[in-house]
């Protein structure tokens with residue numbers, strides 16, 4: 001779910017997110033995720049309250065939220081996650097990331113050079129709290145005799161992002177699943193996936209997911225999609241190799257190329273901002289999903 005919207009009325013962006021979540025449910029998509037960012041240049045709707053609202057219409061399919069862990073107090077993260085997991089009727093996943101450096105880190109009172117150690121320490125604290133432990137820490141986070149209630153109704157999975165060798169190693173050590181680079185092409189993702197699969201064998205772990213986010217637009221036809229997307233390509237971060245667009249058949253084959261690399265989950269984020277075009281694209285994702293099943 002895209003969380004950044006430039007709108008005249010703040011309620012409009014929130015309504016768009018709720019409408020998109022409802023459209024994704026009607027399209028029978030598998031999961032609902034929301035991101036995390038702070039001190040942004042434009043409006044950005046925060047993950048916990050927005051996901052809580054969208055869960056009201058989501059049912060029991062997989063749901064989760066990204067947390068940039070160095071920017072959060074880990075006790076607060078654990079409390080928010082356990083409450084969201086209690087609201088939700090199904091499997092809940094935390095996606096964790098190290099986040100950007102300055103200016104976001106400084107604005108949130110975090111020394112950016114400590115982000116790697118803060119992420120690892122925070123994740124350990126969050127997981128222990130979610131298991132019902134009482135936790136104290138004198139590291140990057142100073143916590144004494146912390147505990148949370150309620151606890152999540154079932155275990156919460158952790159997916160970690162990582163694209164460099166050191167971060168891929170961290171994911172293999174600490175995460176249940178891996179999030180690949182959303183801006184890289186097939187060649188780069190193939191190399192990352194191969195390195196990750198080697199690392200999980202070293203640590204004797206079995207991942208629950210190899211996931212990657214892709215900005216997607218599904219048109220009626222390839223020509224219809226090109227009319228919408230082609231004018232956007234010049235200024236697109238990651239370039240055309242990092243997006244999926246075309247007819248339902250074309251997008252399904254693009255997803256198949258990612259599946260052939262070992263990816264189990266494609267997290268589809270809308271490539272376009274127009275609400276009507278986005279809702280139509282999400283509706284066509286139902287056909288994409290059926291075609292992927294046929295491969």
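What follows is calculated from the coordinates using simple rules that are stated; it is not laboratory data. As the structure is a computational prediction, the values presented were derived from the model and not from experiment. Here the Cβ positions follow ideal geometry from the backbone for every residue, glycine too, while neighbour counts run over all protein chains shown.
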| field | Considering only the chain, percent of DSSP beta bridges that pair antiparallel, nearest 5 | value | 10 percent
| request: Kindly state, to the nearest 0.05, the FRET efficiency for residue 133 paired with residue 73, given R0 = 22 Å and r defined as their beta-carbon distance. | output: 0.85
| query | What FRET efficiency comes out for the pair residue 114/residue 38, r = Cβ-Cβ distance, R0 = 22 Å, nearest 0.05? | reply | 0.85
| query | Taking the Cα atoms of the chain alone, what are Rg (to one decimal) and Dmax (as a whole number) in Å? | reply | 19.0, 60
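Tell me what the chain gives for mean residue ellipticity at 222 nm when only DSSP H runs of n ≥ 4 count, each as -39,500 (n - 2.57), the sum divided by the residue total, rounded to 500 deg cm²/dmol. Write out the running numbers ahead of the final one.
Working: 10 runs with 128 residues, N = 295.
That comes out to -13500 deg cm²/dmol.
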| request: Find the Rg to Rh ratio for the stretch 1-70, where Rh is the Kirkwood radius over alpha-carbon pairs and Rg uses the same atoms. | output: 0.96
| Folded to 0 to 90 degrees: helix 248-260 orientation relative to the chain principal axis, Cα | 40 degrees
| message | Quick check: residue separation of residue 264 and residue 293 times 0.36 nm, minus the Cα distance between them. What number comes out in nm? | response | 9.2 nm
| task | Return the whole-Å distance between the Cα centroid of the stretch 233-283 and the Cα centroid of the stretch 173-195. | result | 17 Å
| message | At 7 Å along Cα-to-Cβ for each site, give me the label-to-label distance between residue 60 and residue 253 in nm. | response | 3.8 nm
| query | On a 0 to 90 degree scale, rounded to 10, what angle separates helix 275-294 from the longest Cα axis of the chain? | reply | 90 degrees
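Multiply the residue gap between residue 106 and residue 204 by 0.36 nm, knock off their C-alpha separation, and tell me the result in nm, one decimal place. Present the calculation step by step, with values, prior to reporting the outcome.
Numbers: separation 98, 0.36 × 98 = 35.28 nm, distance 3.72 nm.
That pair, residue 106 and residue 204, stretches by 31.6 nm at full extension.
Quick one: length gained pulling residue 9 to residue 273 fully straight, 0.36 nm per residue minus the C-alpha distance? Please list the in-between numbers first.
Working: separation 264, 0.36 × 264 = 95.04 nm, distance 1.55 nm.
Full extension from residue 9 to residue 273 adds 93.5 nm.
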| task | Please compute P(r) over all alpha-carbon pairs of the stretch 29-101, binned at 5 Å starting from zero, and give each bin as a whole-number percent. | result | 3, 16, 28, 25, 16, 9, 2, 0
